[in-house]
Amino acid sequence: MMYVLLAFGIWAAGWWLNLRLSNGSSAELTAVKIAVPAIFGLTIVIVWELMVRGFEVNPVILPAPTSVLARLADEGSILWADFKQTVLKGALVGYIIGAIAAFAVAILADRSEFLTRGILPVGGFMAALPIVGTAPILVKWLGSDWESKAAVVAVMVFFPILVNTVAGLKDTNAMQRDLMRTYAAGYWPTLFKLRLPSAAPFIFNGLKIGTTLALIGAIVAEFFGSPTVGMGFRISTSFGQLALDMVWAEIVVAALAGSAFYGAMTWVEKRVTFWHPSQR
Amino acid sequence: MSEAQSVIRAKGLDLTFQTNDGPVHALKGVDLDIKQGDFVSFIGPSGCGKTTFLRVMADLEQPTGGEITVNGVTPEQARKARAYGYVFQAAGLYPWRTIGGNIRLPLEIMGVPKSEHAERVAKVLELVELSGFERKFPWQLSGGMQQRASIARALSFDADILLMDEPFGALDEIVRDHLNEQLLHLWERTQKTIAFVTHSIPEAVYLSTKIVVMSPRPGRITDVIESTLPRERPLEIRESPEFLAIAHRVREGLRAGHSDE
Amino acid sequence: MSEAQSVIRAKGLDLTFQTNDGPVHALKGVDLDIKQGDFVSFIGPSGCGKTTFLRVMADLEQPTGGEITVNGVTPEQARKARAYGYVFQAAGLYPWRTIGGNIRLPLEIMGVPKSEHAERVAKVLELVELSGFERKFPWQLSGGMQQRASIARALSFDADILLMDEPFGALDEIVRDHLNEQLLHLWERTQKTIAFVTHSIPEAVYLSTKIVVMSPRPGRITDVIESTLPRERPLEIRESPEFLAIAHRVREGLRAGHSDE
Amino acid sequence: DEANEVTLQLQWVTQSQFAGYYVAQDKGFYEAEGLDVTILPGGPDIAPPQVLAGGGADVMLNWMPSALAAREKGLPVVNIAQPYKTSGLMLTCWKDSGITGVEDFKGQTIGVWFFGNEYPFLSWMSKEGISTDGGEDGVTVLKQGFNVDPLLQREAACISTMTYNEYGQVLDAGVNPDELITFKYEDQGVATLEDGMWVLEDNLNDPVFVDKMTRFVRASMKGWKYAEENAEEAGAIIIENDETGAQSEEAQVRMMQEVAKLTAGSNGALAEADYQRTVDTLLAGGSDPVITKQPEGAWTSVITDAALK
Amino acid sequence: MRSILPVLTVVAAILGIWLLAVIPMNMHLVADQGQRDGLVVQPETPAERQEFSGLGLAMRNPDLIPLTYNFKRPRLPSPQQVAGEMYDTIFGKKITSKRSLVYHGWVTLAPTLLGFVIGTGLGILLAVGIVYSRVMDRSVMPWAIVSQTIPILALAPMVIVVLGSMGIQGLFPKSLIAAYLSFFPVVVGMVKGLRSPSGMQLDLLRTYHASNTQGFWSLRLPASLPYLFASLKIGISASLVGTIVAELPTGARAGFGARMLVGDQYGQPLVSWAALFAAALTAAALVGLFSAIERITLKRMGMAAA
Ligand SMILES: Nc1ncnc2c1ncn2[C@@H]1O[C@H](COP(=O)(O)OP(=O)(O)OP(=O)(O)O)[C@@H](O)[C@H]1O
Ligand SMILES: Nc1ncnc2c1ncn2[C@@H]1O[C@H](COP(=O)(O)OP(=O)(O)OP(=O)(O)O)[C@@H](O)[C@H]1O
Ligand SMILES: Cc1ncc(C[n+]2csc(CCO)c2C)c(N)n1
Ligand SMILES: [Mg+2]
Ligand SMILES: [Mg+2]
């Protein structure tokens, strides 16, 4: 009971602190902008810890954050190996293949209205194929190692990037296009000097959606066959062994990697589309 | 007529847009002859076809009837020969390029040797009084400066014809006065042929050697006024009786065109 | 001075925006007194603080120094008392409401009884000559008509003060002339106090009883010109010597403010 | 009501592997004991011990290695009955891979089920002294999905199969039995007990629960014995209970016939010798044993004693 | 309507590629089977055949090619096999039958819709909170993004056990997973939408001294509708994927997810492929439905033609 009360207390305190911070005079400082979500996250973790202790939750159902932390600290080399297998091989390679394929198809589709009209709905249909159905097929075709994971990821990220790129390529206004026409510019100069740059904000939108999909795809695909390494393998195996602290340690790594990937893409976006009003 | 050469010559020009609400006669039976070195303004109420006419000259729109030549050839051939620079109503600079980068854009596309770029950019920036802003991005400049940069962009490849569609429409009167003065200087110095669309009577009168008054539905030319003002025009000329007389004639022409709505 | 009441009174008004590039003095030491029934125009180059001043009157911006009262109370109290109607540069009609629906919007928000809505909408639509367009959506109207609808919206709840920020900036000259005429009629009939921002010298001179010339960096008032024109003003008055004299004075005032850039 | 309601968590989807329970349900054996039984099918991501711990089921089916490991993890589960006497687990290999005996596994790729089902394999390899980390002298282990494709596609030389299920599927795919060579865990002396009934230790202090389980085990065993003798009917009952509608009756009847061979030797009571062999195998796990010490109180004969009286 | 011909063209192209791919994809299996059935196959042993690509094998055994289109356990089923299976299970069975895809479609659809309603509701509430409260904006938004990096398939079993321990079973756990996947696009879209009114539109309401509530109903909500619809279309298909994912750890009983799993496990690729396509068709139908509602609503609001 003590723990539960304490949990409520901490929750209230965290919220109050955040209220003060975000409505206070220093609200615009970068440090505060980082502190507010950090406090929010920390509150959740502490409340979780206290709840687990207070209600004596069985660790095979929900482990305490401290034991997850201990796993993170102890199993560094396993986590790193899994990270390399799943993120650096499966997710990243798949992401790059998917993105390149999406650009290629987008540019192809963009050359004719007819193709665009045909490819987008069909692409949408493909994107609706659920991963639990496609992953076993791709594992069957490409084997259990990371290649099939990369393929699953490529399939998953393909559509959001395609749609956004196609939309972006259409985004130039008539005046910008007419300007190119007055220069008697051909297709490729127009593409590289006008349409791709102006499509960049859209493309990054697709690329950012892709980052979280890539990680999830790579992990989930490992459920359907994998070598004995990888984050999805570890999650499923540890879960079967009721080592839930290890499962959560992998989930934390996944969330960190996903957020870092997303953050990195946001950073690149800021650098590349610095000119867009949303970035100024 | 014999001395100066015809640069743009339209004969019975027609253009009908097919829209969902039926055909729109944007241009009907338009005849016009623009000579080398002319500064021609087009004025008229909204929808009278000023933009359309300019776009036909630029081969951005295909006429549905009549004839038009630019530099003696079809507009398409002229466009491919990069015979003109076009300035749009909004500056339309590419926001991801610096001012210098924007001005270099046509040079890159037209394959002007890299070695000449710097010099040309510097020259046109000076013409529009923007030296020193080469490395700024468009949004770091005021609206008037952006518009001047877009004029510099149209000048950079040194076409003989300048087509300008309400280039100063979005600017305030003071800045506009100033740009008008500069444009006149530029025109005098470079001897370019300029076709200029505007909504402002004083602007049209102040700038032009020839004012074309247009009227809508169908879009047509209702009056062509040859200016009697000297080429040398201080801003004060706008308060002279001669200026006011021309302005009055333009206003009358406009009102006549408007009344049949 | 004793007869007409002060409606807006500013004394030493200051407003500084804190931006990433340092502070911007949008208004500095602004003094002004607007009387009941005045038609006051604000003119000046871009960035001189016209909009900011109007927004301060409307309590959309907080001054950082000095004093201002609207109807004798603070702008906030005046806003809460719904003392004014505000017309923005663009019509800004809500696209998902019909013209009638847009005009009803303030009535709904202010809790005007439903039973009065129809009558009021009809009345203001007639004032701006848009009767019959009540059920159209904004995009079915031309730009000029939309702008009139937005004026009708500001009139519907019958506030005594009308604040208008370049309401006709986006329209062509002919339509603009027409709306100017109508606005004058409306002002005469309703005896409202109007504060009107514009970039156009003829517009300012044609409409106003008082012209406030402003200058930027810092934003301040450089001249206040009381118009000697009669209240009754046909469009032709714009070619009268008296009109041109006032216009000249405004232009001079503007140029003076501009030169120190 | 509480005293007569039983929820059973299976460890896989509805199939003849669990025929005894479905038959008992269908034939009214549970009803006759006054029980109201709910059977929860499993799936690839269901860990029956966790469901038990969360209170989602009263009794679970589990392989003994997995259950004992859970016990060491701090989840006190106790075996109350063991309808499967012999293990049905085996490795099925392509003959043309050159494998003739266990020593030939070196350098090969082998498919293994994880999710708590990897323990028997790991124990076996450690007993043989074969590394499972790949390389020339070890085997490369593949986490096997839910189908036999790794073998059919020749991604692996061997895969894990159950005598009653996956092996049949390999044959169904058209493979001739003499193209294959199989290694039954039973024959290798590394057999571990499968598909026992397990409950939470605490519950056994509750006489009402014990009574309920006694009746449950009695009825379930009746179901098992009926199923063994009536494979056709059992297969049909499974098909009736399969909500996916994707199973074929023929396959389920065949599965029942195979399963019958494994359950035949058991009346439900756990034989201590089998238990001890399982524990010893698991403890022998070399550097990475599945369990580290002799489990205490991991099974009880209280229920079966009462049920079989 | 104008899209029909282009779509058909692209579909035809894909079918063409698919038809061609069937040959090399299935060739090895067909060759193995052919040999067992006593046909003459080049080269003669499976191990030797592994040296060849599917295409190479097809060239050496052209007479086996037709067999690749009708193989019982194909790696890649032929389009006509999938179509046949779908036809059988959609039209050929009573819709109450466990063998009917319509039945399984409903099993999947019900939690999808419930989850979608929950997710959308939560998403909208969260978006409103984020737009109106700075603390919410600052503290919740980053975590909403992080939440999407968590592999749900890994979490789903635990969620289901926890819910099960609270006695919640059946439809609801699946719906919860579906809701988890659909709330995010709705939050993102609605935050964008609710913030889409321009400064001028907001200022207008300020000059009327409108309350927050009035501002919400008269401006922010209507302005956000186009964004809402865009999010709903993403959300509904995410919701469907969520349900299908959740169908494995809830005890793969019925529904598209269970069909895919069981089809895969028992060597019936056609069952899996048919369920897979049926799921995508369902998603497409749901998205189509929302597009239609969107068109009608926006048209009524006078926004479609703008
Ligand atoms: N692409 C088009 N399709 C259909 N109608 C068009 C198109 N472009 C212009 N029009 C119509 O043609 C007529 C002339 O248009 P144009 O833009 O040339 O007028 P304008 O004189 O430039 O007007 P403004 O002063 O408003 O710029 C108008 O009625 C316009 O609606
Ligand atoms: N919200 C703001 N934050 C920072 N600076 C602002 C803000 N609003 C206006 N300014 C600055 O204050 C100055 C005055 O702006 P204001 O909009 O009042 O000018 P204006 O006279 O209305 O110009 P225009 O004719 O272009 O509308 C300008 O320098 C402008 O950049
Ligand atoms: C994820 C997962 N993988 C393997 C098994 C092991 N298993 C236990 S019974 C059974 C069925 C055999 O036909 C299988 C495969 C499992 N339960 N879950
Ligand atoms: Mg135009
Ligand atoms: Mg302004």
Modelled FRET efficiency - R0 56 Å, B:Val112 with E:Tyr87, Cβ distances, 0.05 increments | 0.30
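Within 10 Å of each Cβ in peptide A:120-127, how many partner chain Cβ atoms are there on average? Round it to a whole number, please. Walk me through the numbers before you get to the answer.
Numbers: counts 4, 9, 9, 1, 7, 8, 2, 6.
Counting Cβ atoms of other protein chains within 10 Å of each residue's Cβ and averaging gives 6.
Report in % the part of the accessible area of the range D:233-291 that belongs to carbon and sulfur, leaving out ligands and nucleic acids; probe 1.4 Å.
Numbers: 1090 of 2330 Å².
Carbon plus sulfur share of accessible area: 47 percent.
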Calculated SAXS-style log₁₀ I(q)/I(0) at q = 0.09, 0.10, 0.12, 0.13 Å⁻¹ - the range D:1-155, Debye, Cα scatterers = -0.39, -0.48, -0.65, -0.74
Filter on D:Lys27/D:Lys184; A:Lys149/D:Lys73; A:Lys170/E:Lys233; D:Lys27/E:Lys98 - keep pairs with C-alpha separation over 27 Å = D:Lys27/D:Lys184; A:Lys149/D:Lys73
Can you give me the Cα centroid spacing of the range A:20-54 and the range A:244-280 in angstrom?
-> 19
Once the in-chain neighbours fewer than 8 apart are removed, the aspartates and glutamates whose Cα is under 13 Å from A:Lys84 read A:Asp145, A:Glu250
Quick one: what do you get for chain D if you divide its Cα Rg by 2.2 N^0.38 Å?
-> 0.99
Starting from the exponent 0.38 and prefactor 2.2 Å, build the expected Rg for the range C:52-154 from its residue count and divide its actual Cα Rg by it.
-> 1.20
Per 10 angstrom bin, beginning at 0 and ending with the bin that holds the maximum distance, the Cα pairs of the range D:102-154 fall in percents of 25, 54, 21
Grab every C-alpha pair in the range A:141-280, bin the distances at 10 angstrom width from 0 up to the longest one, and report whole percents.
-> 11, 30, 26, 17, 11, 4, 1
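Under 8 Å for C-alpha pairs, at least 6 residues apart: give me the relative contact order for chain B, rounded to a whole percent. If you can, show how the numbers build up before the last one.
Values: 489 pairs, mean separation 66.1, N = 261.
Answer for chain B is 25 percent.
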Per the 1/(1 + (r/R0)^6) rule, R0 = 35 Å and r from the Cβ atoms of B:Arg249 and B:Gln5, FRET efficiency to 0.05 is 0.80
Considering only Cα-Cα distances, which of the following residue pairs are longer than 26 Å: C:Lys136/E:Lys192; B:Lys11/B:Lys50; A:Lys270/B:Lys114; A:Lys33/A:Lys193; A:Lys33/A:Lys270; A:Lys270/B:Lys80?
-> C:Lys136/E:Lys192; A:Lys270/B:Lys114; A:Lys33/A:Lys193; A:Lys270/B:Lys80
³J(HN,Hα) computed for each position of the range A:186-192 - Karplus, 6.51 cos²θ - 1.76 cosθ + 1.60, integer Hz, glycine/proline x | x, 4, 5, x, 4, 5, 7
The extension gain from B:Ser46 to B:Ala122, computed as 0.36 nm times the residue separation minus the Cα-Cα distance, is 23.7 nm
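Using the beta-carbon distance between B:Ser240 and B:Ser142 and R0 = 41 Å, what value does 1/(1 + (r/R0)^6) give for FRET efficiency, to the nearest 0.05?
0.85
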Excluding B:Asp59 itself, calculate the net charge of residues whose Cβ lies under 13 Å from the Cβ of B:Asp59, where each Lys or Arg counts +1 and each Asp or Glu counts -1.
-> +2
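Have a look at the DSSP beta bridges in chain D and tell me what percent are antiparallel, nearest 5. Intermediate results must be reported in sequence, preceding the final value.
Values: 19 of 34 bridges.
Antiparallel bridges make up about 55 percent of those DSSP assigns within chain D.
Convex hull over the Cα atoms of the range E:101-300, averaged projected area in nm²? Don't skip to the answer; put the middle values down first.
Values: hull surface 52.1 nm².
Its Cα hull, projected and averaged over all orientations, spans 13.0 nm².
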Calculated [θ] (222 nm, deg cm²/dmol) that DSSP helices of n ≥ 4 give over chain E, each run adding -39,500 (n - 2.57) | -24500 deg cm²/dmol
On a 0 to 90° scale, report how tilted helix D:231-241 is relative to the longest principal axis of chain D, with both axes built from alpha carbons and the result rounded to the nearest 10.
-> 80
In units of 2.2 N^0.38 Å, the Cα radius of gyration of the protein assembly as shown is 1.15
Top mean-square fluctuation among E:Gly235, E:Gly267, E:Gly167, Gaussian network model of chain E, C-alpha springs under 10 Å?
-> E:Gly167
Provide a whole-number value for the mean count of partner chain Cβ atoms within 10 Å of the Cβ atoms in peptide C:41-48.
-> 3
Mean separation of Cα contacts under 8 Å (at least 6 apart) over the residue count of the range A:2-57, i.e. the relative contact order in percent, is 55
Once the convex hull of the C-alpha atoms of the range B:160-218 is built, how many Å³ does it hold per residue, rounded to a whole number?
-> 91
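Within chain D, what's the longest stretch lacking GluC sites (Glu not before Pro) that sit in DSSP loops with no more than 14 other Cβ atoms inside 10 Å? Walk me through the numbers on the way to the answer.
On the way: sites that count: D:Glu2, D:Glu136, D:Glu296.
Longest site-free region, per DSSP loop and neighbour criteria: D:137-295.
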With the convex hull built on the Cα atoms of chain C, state its orientation-averaged projected area in nm².
-> 14.7
The distance between the Cα centres of the range C:17-80 and the range E:86-126, in whole Å, is 60
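Restricting the count to DSSP beta bridges whose residues both fall in the protein assembly as shown, what percent are antiparallel, rounded to a multiple of 5?
Details: 65 of 116 bridges.
Percent antiparallel among DSSP bridges in the protein assembly as shown is about 55.
With a cut-off of 8 Å between alpha carbons and a minimum separation of six or more residues, what is the relative contact order of the range E:4-76 in percent? Mind dumping the intermediate values first?
Working: 57 pairs, mean separation 30.3, N = 73.
Relative CO of the range E:4-76 lands at 41 percent.
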In the range E:213-259, what residues drop by 40 Å² or more in accessible surface going from the chain by itself to the full protein assembly, probe 1.4 Å?
-> E:Gln214, E:Ser218, E:Val241, E:Leu248, E:Arg253
Compute the long axis of helix E:101-132 from its Cα atoms, compare it with the longest principal axis of the Cα atoms of chain E, and write down the angle in degrees, 0 to 90, nearest 10.
-> 30
Residue-averaged 222 nm ellipticity for chain A, from DSSP H runs of 4+ at -39500 (n - 2.57), nearest 500 = -25500 deg cm²/dmol
Under a plain spin-label model, where a point goes 7 Å from the Cα along Cα-to-Cβ, how far apart in nm are E:Met166 and D:Lys127?
-> 4.5
Expressed in nanometres to one decimal, the distance between label points 7 Å along Cα→Cβ at D:Thr182 and A:Phe8 is 6.1
Describe numerically, in nm with one decimal, the distance between label points set 7 Å from Cα along Cα→Cβ at D:Ala306 and at B:Arg217.
-> 9.7
The range E:146-191 versus the range E:19-73: alpha-carbon centroid distance in Å = 45
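Ignoring the sites themselves, what is the longest stretch of chain A with no chymotrypsin sites (Phe, Trp or Tyr not before Pro) in a DSSP loop and at most 15 other beta-carbon atoms within 10 Å?
Working: sites that count: A:Phe55, A:Phe274.
Counting at most 15 other Cβ atoms within 10 Å as exposed, the longest clean stretch of chain A is A:56-273.
For the range E:4-76, divide the Cα radius of gyration by the Kirkwood radius and give the resulting Rg/Rh value with two decimals. Working shown, then result.
Details: Rg = 14.2 Å, Rh = 13.0 Å.
Rounded to two decimals, Rg/Rh equals 1.10.
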With the label set 7 Å along Cα→Cβ, C:His248 is separated from its counterparts in the other copies, in nm and shortest first, by 1.7
Whats the longest run of chain E with zero GluC sites (Glu not before Pro) that are DSSP loop and have at most 15 other Cβ atoms within 10 Å?
-> E:52-306
Using θ = phi - 60° and Karplus 6.51 cos²θ - 1.76 cosθ + 1.60, couplings along the range E:143-155 (whole Hz; Gly, Pro as x) | 6, 5, 5, 4, 4, 7, 8, 7, x, 5, 4, 6, 7
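What share of Cα pairs, in percent, lie more than 14 angstrom apart in the range A:2-57?
Everything past 14 Å amounts to 55 percent.
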Per residue, how much accessible area does chain E have with a 1.4 Å probe, in Å²?
-> 41
For A:Phe55 and A:Val268 in the same chain, what is the full-extension length gain: residue separation times 0.36 nm, less their Cα-Cα distance, in nm?
-> 72.2 nm
What the 10 Å binned alpha carbon P(r) of the range D:197-309 shows, as percent of pairs per bin from 0, is 12, 30, 30, 25, 4
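Per-residue mean of other chain beta-carbon atoms within 10 angstrom of the beta-carbon, peptide C:180-186? Kindly include the intermediate steps, with their values, before the conclusion.
Details: counts 0, 0, 0, 0, 0, 0, 0.
Counting other chains' Cβ atoms within 10 Å and averaging over C:180-186 gives 0.
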Once phi is turned into ³J(HN,Hα) by the Karplus curve 6.51 cos²θ - 1.76 cosθ + 1.60 with θ = phi - 60°, what whole-Hz value does each residue of the range E:197-208 show in order, with x for glycine and proline?
-> x, 6, x, 5, 5, 5, 4, 4, 5, 5, 5, 8
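Computed over the Cα atoms of the range C:1-93, what is the ratio Rg over Rh, Rh following Kirkwood?
So for the range C:1-93, dividing Rg by the Kirkwood Rh gives 0.97.
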Compute the long axis of helix D:207-229 from its Cα atoms, compare it with the longest principal axis of the Cα atoms of chain D, and write down the angle in degrees, 0 to 90, nearest 10.
-> 60
How much of the calculated P(r) for the range E:1-131 lies past 21 Å, in percent of all Cα pairs?
-> 63
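The values are calculated or read from the model by the stated rules, or taken from the named source; none is laboratory data. This structure is a prediction, so every number in the text was calculated from the model and none was measured. Every residue, glycine as well, gets a Cβ built from its backbone with ideal geometry; the counts of neighbours run over all protein chains shown. Areas reflect the complete protein model, heavy atoms only, side chains present, ligands, DNA and RNA absent. Shrake-Rupley method; radii C 1.70, N 1.55, O 1.52, S 1.80 Å.
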